[in-house]
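All remarks here apply to the structure that follows.
The values are calculated or read from the model by the stated rules, or taken from the named source; none is laboratory data. Given the structure is predicted, the values throughout are model-derived calculations rather than measurements. Because the Cβ atoms are built from the backbone with ideal geometry, glycine has one as well, and the counts that use them run over all protein chains shown.
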Amino acid sequence: MQMIDVSVDVRTDIGSRASRKLRRIGQIPGILYGGDREPLSLAMEGKTLDDLLRAGSRMVKLKMGSDDQRALIKAIQHDVLGDEILHVDFTRIVLGQALDVTVPLVLEGTPESVREGGVLEQSRDVIEVRCIPEAIPEKILVDVTELPLGGSLHLGEVTLPDGVELAQSADPSHLVVMVTFKEVPEEEEEEGEEGGVAPPEIIKKGKEEEEGS
């Protein structure tokens, strides 16, 4: 994962009122913590953070005047509607020192079983892994092409890149994806025969379901 230089300001004026003031002028309040140094309250341009997130960049070099610190975007806090970024958390990193991170899981391919009427259900869209910062993948692809009807794939069965392993906090038995049989009423089956084959259906379950799996 590429490291991006980002200019930030260290702020001494903290609290909810100060944070609201920052957001009104297009800046995002944040915090940098971890390592053997004290936490720092920060402010950065909202557009800069938006650009980072759109590019999928999470590893940054925070430039604070003459002080540069390597960090990872650890958490983003949004408003209740999920539209506005309220706060960003950075954690300090050391190159060559392994850490636990969460990486997106992206399904690749379409199983023949789905073309034959099965339903592809994705229960998890992230995976917790451990690796050095330089080896953090932007995403991990999960090939589901050969998944049969009734077949499933669990976290422990996901193929990880070299130098990346499952984090200790991750449960290898957690379900990632499975193909289930979709029962179609007789009337719909007749319509389907006349109108052609319906496109594959992918169902993503919510986070609460995946945590309870």
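Filter the range 2-12 down to residues that are surrounded by 14 or more Cβ atoms within 10 Å (Cβ to Cβ), modelled with pLDDT of 90 or more and closer than 12 Å to residue 49 by Cβ, then give me how many there are.
Qualifying residue count for the region: 2.
So which residues in the range 23-61 are outside any strand (DSSP E or B), surrounded by 13 or more Cβ atoms within 10 Å (Cβ to Cβ) and touching a residue at least 24 places away in the same chain (Cβ under 8 Å), if there are any at all?
Passing the criteria: 23, 34, 35, 46, 48, 49, 52, 57, 58.
Could you check the range 32-42 and list, in sequence order, the residues that are over 12 Å from residue 6 (Cβ atoms) and not basic (Lys, Arg)?
Hits for the range 32-42 are 33, 34, 35, 36, 38, 39, 40, 41.
In this structure, is residue 119 part of a strand (DSSP E or B) and either buried (at least 16 other Cβ atoms within 10 Å of the Cβ) or at pLDDT 95 or above (or both)?
For residue 119, the condition - part of a strand (DSSP E or B) and either buried (at least 16 other Cβ atoms within 10 Å of the Cβ) or at pLDDT 95 or above (or both) - is met.
Which of the residues spanning the range 1-22 are without any contact (Cβ under 8 Å) to a residue 12 or more places away in the chain and not basic (Lys, Arg)?
Hits for the range 1-22 are 13, 15, 16, 18.
This table checks each residue for (1) at pLDDT below 90; (2) more than 28 Å from residue 155 (Cα to Cα).
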site	(1), (2)
14	yes, yes
28	no, yes
86	no, yes
90	no, no
102	no, no
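If you take the residues in the range 69-108 that are part of a strand (DSSP E or B) and among the charged types (D, E, K, R), which one is surrounded by the fewest Cβ atoms within 10 Å (Cβ to Cβ)?
Taking the candidates together, the pick is 108.
Does residue 72 fit the bill of being under 25 Å from residue 171 (Cβ atoms), outside the structural domain of residue 140 (by TED's automatic domain parsing), touching a strand residue (DSSP E or B) at 6+ places or on another chain (Cβ under 6 Å) and among the hydrophobic types (A, V, I, L, M, F, W, C)? Walk me through it before giving the result.
Values: under 25 Å from residue 171 (Cβ atoms): yes; outside the structural domain of residue 140 (by TED's automatic domain parsing): yes; touching a strand residue (DSSP E or B) at 6+ places or on another chain (Cβ under 6 Å): yes; among the hydrophobic types (A, V, I, L, M, F, W, C): yes.
Considered against the rule, which asks whether it is under 25 Å from residue 171 (Cβ atoms), outside the structural domain of residue 140 (by TED's automatic domain parsing), touching a strand residue (DSSP E or B) at 6+ places or on another chain (Cβ under 6 Å) and among the hydrophobic types (A, V, I, L, M, F, W, C), residue 72 comes out as yes.
Looking at 134, 128, which is the one that is of a type in the set (Asp, Glu), more than 13 Å from residue 58 (Cβ to Cβ) and in contact (Cβ under 8 Å) with a residue 40 or more places away in the chain?
128
For (1) in the same structural domain as residue 112 (by TED's automatic domain parsing); (2) in a loop (DSSP other than H, G, I, E, B); (3) at pLDDT 95 or above; (4) not aromatic (Phe, Trp, Tyr), each residue gets a yes or a no:
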{"site": "138", "(1), (2), (3), (4)": "yes, yes, no, yes"}
{"site": "147", "(1), (2), (3), (4)": "yes, yes, no, yes"}
{"site": "160", "(1), (2), (3), (4)": "yes, yes, yes, yes"}
{"site": "169", "(1), (2), (3), (4)": "yes, yes, no, yes"}
{"site": "180", "(1), (2), (3), (4)": "yes, no, no, yes"}
{"site": "184", "(1), (2), (3), (4)": "yes, yes, no, yes"}
{"site": "193", "(1), (2), (3), (4)": "yes, no, no, yes"}
{"site": "199", "(1), (2), (3), (4)": "yes, yes, no, yes"}
{"site": "208", "(1), (2), (3), (4)": "yes, no, no, yes"}
